[in-house]
1. On the Cα set of the protein assembly as shown, report Rg and Dmax in Å, please.
2. With only Lys, Arg, Asp and Glu charged, each at its Cβ (+1 for the first two, -1 for the last two), find how big the charge dipole of region B:1-150 is about the Cα centre; round to the nearest 20 debye.
3. Could you give the size of the charge dipole of the protein assembly as shown about its Cα centre, using +1 on the Cβ of each K and R and -1 on the Cβ of each D and E, expressed in debye and rounded to the nearest 20?
4. Quick check of the Kirkwood formula: for region C:181-243, what is the inverse mean of 1/r over all pairs of different Cα atoms, in Å?
5. Equivalent ellipsoid semi-axes for region A:16-96, as square roots of 5 times the alpha carbon gyration tensor eigenvalues: give them largest first, rounded to whole Å.
6. Which value in nm describes the separation of the simple spin-label points at B:Glu12 and B:Gln130, placed 7 Å from the Cα toward the beta carbon?
7. What does the structure give for B:147-158 when I average, per residue, the other chain Cβ atoms found within 10 Å of the residue Cβ?
8. Roughly how many Å² of C:Thr140 are accessible to a 1.4 Å probe, to the nearest 10?
Amino acid sequence: MRIKDHPILSFAEGKKVEFTFEGKILTGKEGEPIAAALHDAGIRVLRHSPRHNRPRGFFCAIGNCSSCLMVVDGKPNVKVCVTPLQEGMRVQYQKGKGDINAAN
Amino acid sequence: MLKKDGVPSPEELEGVKPSQERLEEGPVVIVECMQEIPCDPCYYACPKEAFRPFGDINEKPEIDYEKCNGCSICIANCPGLAIFVLDYNYSEKEGLLKIPYELKPLPEKEEKVIVLNRAGEEIGKGRVVQVLNTKKQDRTAIISIAVPKEILMDARHIRLIRGSTDEG
Amino acid sequence: MRQTDLAIIGAGPAGLAAALEAATAGAKVILLERDEWLGGQLVKQTHQFFGSKKEFAGMRGIDIATHFSEQIEKNKDIEVFTGATALGYYEDGVLTAAYSGRMLKIKPKTMLVASGAMEKMIPFNNNDLPGVYGAGAVQTLMNVYGVAPGKRVLMVGAGNIGLIVSYQLMQAGIEVEAIIEGSSQVGGYWVHASKIRRMGVPILTNHTILKAIGEEKVEGALITEIDENWKPLEGTEREVSVDNICLAVGLSPLAELLWQAGCQMEFSPQLGGYVPVRDEDLETSQEGIYIAGDVAGIEEATSAILEGQLAGISAARKMGFAVEDKKIEQIKENLKSLRAGPVGEHIRQGLAQVER
C-alpha cells in the first residue's frame, strides 16, 4: 500500500514499470528497491531458509542482514531491499542457498 | 507519570501551569516541557523575550508570563510539540486551545472535532476556529479549537469525526 | 590507485559534516557512501531536531540532509562515490571499496570512519517471521519509498527511536497498537512520549514480546507484563492483532573496518557495544584513523554532526592545513554542552571509559 497524503513528505510519482514475481505481472516505480514494490503488492515472504525452510522477509532495508535474498533474472542471492527495480525484471522466491549455475 | 507512561501526573503539571490569575487575564502559553533535554529553539522563537535565556541548553524552559501575550509563534518552533496556548476568556462558556498538528487531513474552520486529553481519552467536543499552516511554520499546523472552559486545561489533542471508523 | 588527503567512509550526518570541515580547511576529500544517496539516516527523519538553534535545532532531518548534500555537491574538493561499499583497510594504508561492479583502491593520508550503526535484535519466538522489521527499515520503507510497512504495528522499545517512529507511523496513516518497553521507564524524551500518548497510543512499560504469531507472516503478537528481573508475570499474557512488529531495541556500532584496521576497541554498554578508544580529537589508536557519529558510540544526529566537524577539522590539522584553534575549541564546547544534562549522563560515562 502506497502512502498518499502525508503531512511532511511528498512522494514523487515516478515512472511505472512492469515486472514479474513468480510469473505474475506486477507494477512498481522504476528505481525503487524491488522489495518496496513487492511490499506494496502485499508480498511479505521473499525466500525460505536453507536448513529449516523458514519463511524470510524484508528486515533491515539497508543491505546488511541477508533476510531478503531472492532470485532476480535467474541470479540468486540478490538483496532486493537495495536493488533498484527495472522494467521486465523476473523476480522469484529463493529456496535455500540458491544455485548460481542456474543463472542464464 | 511522564517517565512511566508519557502522561504527566497532576504534580508534574503543576510545575508548568501559568497561574489561574494569569490565565484569566488573557491568552498565554503553557510549555509542557518537563525534562532537562538539550534544546533551545523556543528561546529564539519568542518575539517578546518571554523565554528566559538558557544558561545551559539542557535547562528546562522558564517563562515570564507577564511578557507572553499568547501570540503562538513558539508553538510550531518547538521540536517536541510541547507548547500550547490557552485563552481562558475566549467566550462566556468556552476557552480557546491552540495545538500543534502534523497530521493529514487538516481539520477545517468550523468543523466539529473530538477533544482528547493527554492520555488520548475522549473528554468532549470542540469547534475548530482557525487553521494556520504558513510557510514559516514549516509543516507544523496550528489549530485553534473552542472547547468548554472546564476541559481547557485537560484538552491537548483532537480527532476528526469525519471518516472516523473507531468512533462507535 | 587514487590518492587523497582524507577518505571518509559513510555520508551520514557525521561524514557529511566532516567532509565540509576538512575541505574548508583545504584538504582533498573522497567520500564513500554505500547507499545511492547522501544523508544516511537523516533522509528518514521527518521531525524537527532538538539541540541548539546555533546548529540545526528546529530543522527537520530531511532538510538537514538536503542542506548538506547541496554544499557537498558544490564543493570541488570533495569527490563523492555513492553506491560504494568500503571493503577493507590494509597494512600498506590502502582502502578498498566495491563500486559499480569494480574495486576502487584509495591511498588516503588520513581516514575517517563514520559508518554508523545497525539495529539490535531481541530473542522471542518466531522473531524471524516476515513482518518483524527493524525500526530503521520501517522508516526507510515509509519515509523514503512511501510504502506502508503494515496496517497495524506493535512497537517494541520506548527509546527515542521507538517513540519517533511510532509518531511517524501515525503521520503516515498507520495504526500503532501499543509501544511496549521492557524496563520500568520510558527511555526516550518525555515530549516524544506525550506526543503519541495524546493521540491515544498506550505505552506499556514493564512489558515484553514473547512470540510473533503467524505461519508465513505476522498476524499478531503475544505480549506479557514482566517483573523487575524481566520475568513474565503469570496471567498477564495477551494477544494483540497486528501485521507488523517493529523492533526499536537499540543500535550497535558498525565497527568492522576499525577492527580490521587494528584499532584498539573496548566494550562500552553506555555507547552501544564495542567502540574504538580515541583521543579528544577523535583519533583512534591507529595514527591518522579518525571516527565520528554512531560508530564512535550510539548517540544522536546533532552530536554526530559536531563529532564529524571535530574529526574532519582535526584530520586536516594533522596533515598540516591551517586550522584555527578557536574553532576546534568551539566545537568541543558545543559537544560538551549538548551532553551536559541528565539525558547525556550515559554518554559522559561511556566516553570517560574510552577517551585516552
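The values are calculated or read from the model by the stated rules, or taken from the named source; none is laboratory data. Remember, it's a predicted structure, so these values are computed and weren't measured experimentally. Cβ atoms come from the backbone with ideal geometry, glycine included; neighbour counts cover every protein chain shown. Accessible surface is based on the protein model in full, side chains and every heavy atom, while ligands, DNA and RNA are left aside. Shrake-Rupley method; radii C 1.70, N 1.55, O 1.52, S 1.80 Å.
1. 25.2, 81
2. Using only the charged Cβ atoms, the result is roughly 600 debye.
3. Magnitude of the dipole: close to 1680 debye.
4. 12.9 Å
5. Those come to 19, 13, 11 Å.
6. 3.0 nm
7. Whole-number average of other-chain Cβ neighbours for B:147-158 is 1.
8. 0 Å²
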